[in-house]
Amino acid sequence: MSQLPQSIGKWLGLMLLASASAWAKPPATAVFCAKYPTAPACVGTLPACTYCHVAAPQRNVFGAAIEAWVAPGAPRPLSDGDFSMALPGALGSVESLDSDGDNVSNLVEIQRGTLPGDPNSFPTDIPCAGGSNPQFKVCQYDLRYVYRKVLLDFCGFSPTYGMMRTFQALATDDLKRTYLDGELDRCLGTDFWRGKNGVLWKLAHPKIRPVGSLKSGEDQGQIPLADYYDDYALFAYSHTDDHDVRSVLTADFFAQRSGTNPTVYTAVPSLPTQVVDQPHRAGNMTTSWTLAYFVMFTALPRNAASQMYRAYLGLDIAKQEGIYSVANEPRDYDAKGVQAPACAACHATLDPLSYPYRNYNGLTGPTNQFGRYVPNRLETFFANQGPTLAMTPESGVIFNQPVSSLTQWGQVAANSDAFLRATVTDYWKLLLGHPPQPEENAEFVALWQALKTTHNYRVRPMLHQLIRTEAYGAP
Ligand SMILES: [Ca+2]
Ligand SMILES: [Ca+2]
């Protein structure tokens with residue numbers, strides 16, 4: 001508190017010097033601090049005149065911005081009373097401006113205790129603060145940094161000194177950007193990115209949830225149930241070569257992997273490892289592995305539905321995400337007690353999501369029925385499981401939209417914003433190491449919207465846009 005009288009004295013002195021001014025008003029600091037009582041400039045002190053002035057009465061850029069809003073048109077000089085009345089509104093009017101051009105708004109600078117009229121004063125923990133000040137390159141998109149990062153992220157190695165020199169020798173930023181696009185495309189063709197156990201496969205792990213001991217085919221386990229490499233193949237197919245990324249939930253075909261360097265994924269009408277008939281296929285939602293592992297022995301495959309909802313749409317019902325309660329649900333056809341208050345809230349969404357799975361068989365009945373679409377599956381294999389089970393409809397509801405089949409479920413899901421967001425979020429987390437932060441939100445939203453509108457559901461051009469974002473390219 002010992003600071004207070006001293007600073008007031010200093011301030012009064014300056015004010016006296018400026019007494020001829022119509023602007024450097026003694027009430028200014030008091031009014032300012034009444035409006036922003038928690039501003040660091042007001043806590044235990046009062047703002048220095050330099051907050052608004054170069055040297056009173058000459059205003060700095062912040063002071064000048066305010067002045068334009070103080071009783072505009074009224075004859076000068078204003079009385080102290082008129083001035084005090086008009087100042088709070090004027091301050092409010094310039095809060096969202098960045099008067100000194102350091103990329104931090106006046107209000108944030110006031111709240112954070114930096115000077116809104118001085119471009120060399122700004123919070124150091126805000127991305128892009130400092131603007132084009134050459135001392136602070138932290139927030140500038142840096143082509144050299146991006147080149148290094150693209151090679152590391154998409155090709156799996158850092159550029160050599162020679163490569164770096166070749167890149168630096170490119171005469172213009174435009175040439176460098178074109179070069180980067182070429183390098184990105186080259187890396188997207190490597191096995192590091194798209195091959196077996198490559199980056200794309202790792203993106204797919206939490207969706208497919210492989211279990212080595214249950215794997216059939218290549219790399220077979222002790223209890224071979226299904227070959228989930230087919231699921232990886234369709235995922236990688238959907239995310240490469242300008243294929244429609246929605247195929248992962250909508251394909252009525254399969255993808256076959258062949259070769260190495262490059263690894264090639266080809267659409268095929270059938271595979272010996274897959275047994276759902278074509279009209280009932282919905283990409284990775286209906287593979288042998290999904291049905292074996294997520295449907296398994298259950299009558300009503302809630303686990304399969306909630307896994308697809310979480311894995312491909314980013315919505316975890318257990319965390320109260322993606323709740324779209326359907327009226328008069330859950331009906332509890334399988335008598336699991338889901339109408340209990342603690343369960344009903346989630347199951348009013350989850351159960352109608354699960355009904356379209358009713359005829360997709362996991363590991364029930366004879367082995368030649370495993371992983372198949374079996375009409376009347378509940379009636380055939382679960383006849384002794386309660387009187388109402390057979391009443392379970394095949395039609396369901398996703399995002400408040402009624403669907404008559406799982407293939408329709410996949411269509412609605414794949415066309416949703418949730419799918420776009422989840423798809424881009426996967427890449428964002430992979431390439432930036434964290435989910436989109438608040439200050440990155442504008443670029444993130446632009447990206448997932450562009451995946452649909454500009455890029456027509458193709459991942460490759462979306463990635464080209466991603467590496468041009470500030471979030472990706474600023475060290
Ligand atoms: Ca500023
Ligand atoms: Ca500033």
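The values are calculated or read from the model by the stated rules, or taken from the named source; none is laboratory data. All figures in this text were calculated on a predicted structure; none of them were measured in a lab. Just so you know, the surface numbers come from the protein's heavy atoms only, side chains and all, with ligands and any DNA or RNA stripped out. Shrake-Rupley method; radii C 1.70, N 1.55, O 1.52, S 1.80 Å.
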How many percent of the accessible area of the stretch 417-473 is carbon or sulfur, using a 1.4 Å probe? 48
Compute the acute angle (0 to 90°) between the alpha-carbon long axis of helix 3-17 and the principal axis of greatest extent of the alpha-carbon atoms of the chain; round to the nearest 10°. 60
Over the chain, how many pairs of lysines fall under 26 Å by alpha carbon, counting only those 8 or more apart in sequence or from different chains? 26
Roughly what angle does helix 341-354 make with the longest principal axis of the chain, taking Cα atoms, 0 to 90 degrees, to the nearest 10? 60
What is the distance in Å between the Cα centroid of the stretch 451-465 and that of the stretch 144-188? 21
If DNA, RNA and ligands are ignored and the probe is 1.4 Å, what is the ranking of LYS452, LYS149, LYS336 by accessible area, most exposed first? LYS336, LYS452, LYS149
THR380, THR45, reordered so the largest accessible area comes first (probe 1.4 Å): THR380, THR45
The stretch 268-298 and the stretch 330-405 have their Cα centres apart by a whole-number Å value of 17
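Per residue, how much accessible surface does the chain expose to a 1.4 Å probe? Answer in Å², no decimals.
Values: 21710 Å² over 475 residues.
Here the per-residue accessible area is 46 Å².
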Ignoring ligands and nucleic acids, what accessible area does HIS205 show with a 1.4 Å probe (Å², nearest 10)? 70
Rounded to the nearest 10 degrees, the helix 80-93 long axis (Cα) sits at an angle to the longest Cα principal axis of the chain of 20
How large, in percent, is the carbon and sulfur part of the accessible surface of the stretch 125-250 at a probe radius of 1.4 Å? 54
